[in-house]
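S.K.: Quick one: the structure is below, and I'll ask about it shortly.
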Amino acid sequence: MTDELVSDLIEKRRYLHRNPELPFEEYNTTEHLKKWLKENEITILSFDLETGVIAEVKGEKDGPTIAIRSDIDALPIYEKTEVSFRSEIDGKMHACGHDFHAVSILGAAILINENKEQLHGTVRFIFQPAEEIAQGAKYLVDKGVLENVTAIFGMHNKPDLPVGTVGVKSGGLMASVDKFEITFNGIGGHAGIPHHTIDPIIIASQYVTNVQSIIARRIDLFHNAVISITSINGGNTWNVIPEKVVLQGTVRTFQQEAREVIPGYMKKLAETTAEGNGGTVEFQWNSYAPVVNNAREYESIVRESVIEAGYEVVDAEPTSAGEDFAYYQNFIPGFFVWVGVDGPREWHHPEFDLNEDAIKVASEFFATLAVNVLNHE
Ligand code: NI
């Protein structure tokens, strides 16, 4: 990649950084990405999208279609860095580096387009909105962007890895994210006459402690899962037993097997705890991102491509944060990597920053990977 292209991509990243947009509001980002793709003679596909861009480079030789995905949205965070290109929109910030992802994949598209005579197939570039609220991937899949796509690749920057490294791991890399809300209904009444009430505080208290037995006694030792109850609401004074108590929380897992069985166990325990005490329960479950589960068959080609591009492979450490790239992996095999950016802070921090030298690394790696995958398919 030429120095000129690298500085151009850095400028574009700084533009996006100064102009962050929240999930499903990425209109200006979308417009600019389209403009930059067109300037480089890259075809934009005509999906009917509010925000986000789907582009494609068709190789001159026949072959399948693979996809490379970047997210493009920012967060409702007030930026506290001292960089010259800090956010110009108060209360909004690219604090997860999706500006870096977008220009890196643009860079890969430019490199692949320059070499399309060698390309055996097609590379589709997915610039996805609304990753931060875990809805953008589903939005795009429903619009049909994965049609005819045989495999998908993506990345997240990783502040604790040095620039020039790419973190690679098969299987679970990022946790699934589910949310629950449980309402225990009793019968309210006088705190001094509890035998005339059904006390939902007793029911909820039993549940909060007993629910951890699901992790300890129902989940395989070799699977990973966490149940966290993060909110308990019930009662508003000292001498009245309330009518209901509402619990909220989240479940994180690393294996689909664990993710599938936990809601059933939690619901059953909620019902028996309520019933055993004479109360009733409403159990509400919202499934967000599944596990980012990397397809083992692509691990060696990913590793070889990192080295061929001139960079270093490191073993990726999994994280229990979620990522909606996982949604695509419900439909087709995919592989998600960490790209080292040597940043001072973790994701979503108001002082989040990254080393822009990593743009070149990510662009060159993805361009190499796309050519290698298509030549092997
Ligand atoms: Ni992110």
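S.K.: Please express the shape of the stretch 223-310 as an equivalent ellipsoid: the semi-axes are the square roots of 5 times the eigenvalues of the C-alpha gyration tensor, given largest first in whole angstrom.
M.R.: With the √(5λ) rule applied to the stretch 223-310, the semi-axes are 44, 15, 8 Å.
S.K.: If the chain between Thr319 and Glu31 were fully stretched, how many nm would it gain, using 0.36 nm times the residue separation less the Cα-Cα distance?
M.R.: Stretched fully, the Thr319-Glu31 segment lengthens by 100.4 nm.
S.K.: Given Cβ point charges of +1 (Lys, Arg) and -1 (Asp, Glu) and nothing else, what value in debye, to the nearest 20, does the dipole of the chain about its Cα centre take? List each step's numbers first, then the result.
M.R.: Values: 31 positive and 56 negative charges, 218 e Å.
For this selection, approximately 1040 debye.
S.K.: While we're here: Under a 10 Å cutoff between Cα atoms, tell me which one of Asn294, Asn19, Asn286 has the largest fluctuation in the Gaussian network model of the chain.
M.R.: Highest fluctuation among the options: Asn286.
S.K.: Helix 98-114 sits at what angle to the longest principal axis of the chain, using alpha carbons and giving 0 to 90 degrees rounded to 10?
M.R.: 30
S.K.: Suppose R0 equals 45 Å. What FRET efficiency, 1/(1 + (r/R0)^6) with r the Cβ-Cβ distance, do Thr272 and Lys143 give to the nearest 0.05?
M.R.: For R0 = 45 Å, the calculated efficiency reads 0.55.
S.K.: Taking the mean number of other Cβ atoms within 10 Å as a proxy for protection, how do you rank 122-134, 74-86 from highest to lowest? Don't skip to the answer; put the middle values down first.
M.R.: Details: 122-134: 24.5, 74-86: 15.8.
Averaged packing, sorted descending, gives the order 122-134, 74-86.
S.K.: Taking springs between alpha-carbon atoms closer than 10 angstrom, which of His349, His223, His195 fluctuates most in the Gaussian network model of the chain?
M.R.: Sorting by GNM fluctuation, first place goes to His195.
S.K.: Turning to a different aspect of this structure: Quick check on the chain: what does the Kirkwood estimate of hydrodynamic radius come out to from the alpha carbon pairs, in Å?
M.R.: Numbers: mean 1/r = 0.0446 Å⁻¹.
About 22.4 Å for the chain.
S.K.: Right, here's the next one. Would you be so kind as to identify which of Ala225, Ile66, Gly136 lies farthest towards the positive end of the dipole of the chain, taking Lys and Arg as +1 and Asp and Glu as -1 on Cβ and the Cα centre as origin?
M.R.: It is Ala225.
S.K.: Now a separate question. Sticking with the crude label model, points 7 Å out along Cα→Cβ, report the distance from Tyr78 to Gln212 in nm, one decimal please.
M.R.: Between Tyr78 and Gln212, the simple spin-label model gives 3.6 nm.
S.K.: Could you calculate the contour length gain from Thr237 to Glu304, that is, 0.36 nm times the residue separation minus the distance between their Cα atoms, to one decimal place in nm?
M.R.: Separation in residues times 0.36 nm, less the Cα-Cα distance, equals 17.7 nm.
S.K.: Then there's this: Tell me, what is the percent relative contact order of the stretch 176-289, built from C-alpha pairs under 8 Å that lie six or more residues apart? Don't skip to the end; give the middle numbers.
M.R.: On the way: 229 pairs, mean separation 50.4, N = 114.
Relative contact order here is 44 percent.
S.K.: Can you give the three extents of the C-alpha atoms in the stretch 225-377 along their principal axes, from longest to shortest, in whole Å?
M.R.: Sorted largest first, the three principal extents are 69, 38, 20 Å.
S.K.: Residues with amide H under 5 Å of Phe153's amide H, sequence separation 5 or more or different chain, H placed in the peptide plane at 1.01 Å from N; which?
M.R.: Those lying under 5 Å, H to H, from Phe153 are Ala67, Ile68, Arg69, Phe335.
S.K.: Where both residues lie in the chain, what percent of DSSP beta bridges are antiparallel, nearest 5?
M.R.: For the chain, the DSSP antiparallel bridge percentage is about 65.
S.K.: For the chain, with all protein chains present and a 1.4 Å probe, just round the carbon and sulfur fraction of the accessible area to a whole percent.
M.R.: 47
S.K.: So what is the diffusion coefficient of the stretch 310-377 in µm² per second by Stokes-Einstein at 37 °C and 0.692 mPa s, using a Kirkwood Rh over Cα pairs?
M.R.: D = 227 µm²/s.
S.K.: Related question: At what distance in angstrom do the alpha carbon centres of the stretch 192-252 and the stretch 320-377 lie from each other?
M.R.: 39
S.K.: Now a separate question. Given H placed on each backbone N at 1.01 Å, which residues far from Gly167 in sequence or on other chains put an amide H within less than 5 Å of it?
M.R.: Distant-sequence amide H within range of Gly167: Val314, Trp338, Val339, Gly340.
S.K.: For Val281, what residues show an amide H to amide H distance below 5 Å, using hydrogens built from the backbone and excluding near sequence neighbours?
M.R.: Asn185
S.K.: Between Val226 and Asp3, what length in nm is gained on full extension when 0.36 nm per residue of separation is reduced by their alpha carbon distance?
M.R.: That works out to 75.7 nm of additional length.
S.K.: Among Thr197, Thr150, what's the order by accessible area (1.4 angstrom probe), most exposed first?
M.R.: Sorted descending by solvent-accessible area, the residues read Thr150, Thr197.
S.K.: Can you give the translational diffusion coefficient of the stretch 176-289 in µm²/s, computed by Stokes-Einstein from the Kirkwood radius over Cα pairs at 37 °C and 0.692 mPa s?
M.R.: My calculation gives 224 µm²/s for D.
S.K.: Find which of Phe184, Ile301, Ile77 sits farthest along the positive direction of the dipole of the chain, computed with +1 on the beta-carbon of Lys and Arg, -1 on that of Asp and Glu, about the Cα centre.
M.R.: Phe184
The values are calculated or read from the model by the stated rules, or taken from the named source; none is laboratory data. Please read all numbers here as calculations on a predicted model, not as lab measurements. Every residue, glycine among them, receives a Cβ derived from its backbone with ideal geometry; neighbour counts consider all protein chains shown. For accessibility, only protein heavy atoms count, side chains too; no ligands or nucleic acids. Shrake-Rupley method; radii C 1.70, N 1.55, O 1.52, S 1.80 Å.
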